[in-house]
Amino acid sequence: MTRLNEILYALSDTTRLRILNILAHREQNVSSLVHLIQESQPKVSRHLAYLKNVGLIEARNHAQKRIYSIKEDVFEKYPFLKALIQDLAKVDIFANDLRLLSSLS
């Protein structure tokens, strides 16, 4: 499978899209993502690992937590992702995630 095929497959899952949408707006740790999307920690961790393996996100250690974010160059490499993220905000479930995210600030 080519990298582009892997990325398109990654985008075929709603949970992974929700995670990407959130991370495109602000980096998060696993427990914050669990709270935001109301999924189990193992499920969120599994999807984060998949997104990391295909090169869409990265993780760094901060204190005792792993902080996840969109890779810096991902929108340059795959410009269609930026348009996708912008369009996701028009869909209720993704818009709700962003409202909840902004309320946590």
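All of the numbers you see were taken from the coordinates with simple rules; none came from a lab. Computed from a prediction, not measured in an experiment: that's the story for all the values here. Cβ sites come from the backbone with ideal geometry, for glycine too, and all protein chains shown count toward neighbours.
Observations
- Between the listed residues A83, I19, I7, the Cα displaced farthest toward the positive end of the dipole of the chain, a dipole computed from Cβ unit charges relative to the Cα centre, is found at I19.
- A simple spin-label model places pseudo-atoms 7 Å from Cα toward Cβ; at R60 and L104 they are separated by 1.8 nm.
- Neighbour-count order for D13, D87, D97, D92, fewest beta carbons within 10 angstrom listed first: D92, D87, D13, D97
- Extension gain for T15 to A95 (0.36 nm times residue separation, less C-alpha to C-alpha distance): 27.4 nm.
- Pairwise label distance in nanometres, F80 with L4, each label 7 Å out on the Cα-Cβ vector: 0.7
- Of [x] 22.2, 76; [y] 12.9, 40; [z] 17.3, 63, the label for Rg and Dmax of the Cα atoms in Å derived from the coordinates: [y]
- Net charge contributed by nearby residues that have their C-beta within less than 14 Å of A95 (K/R +1, D/E -1): 0
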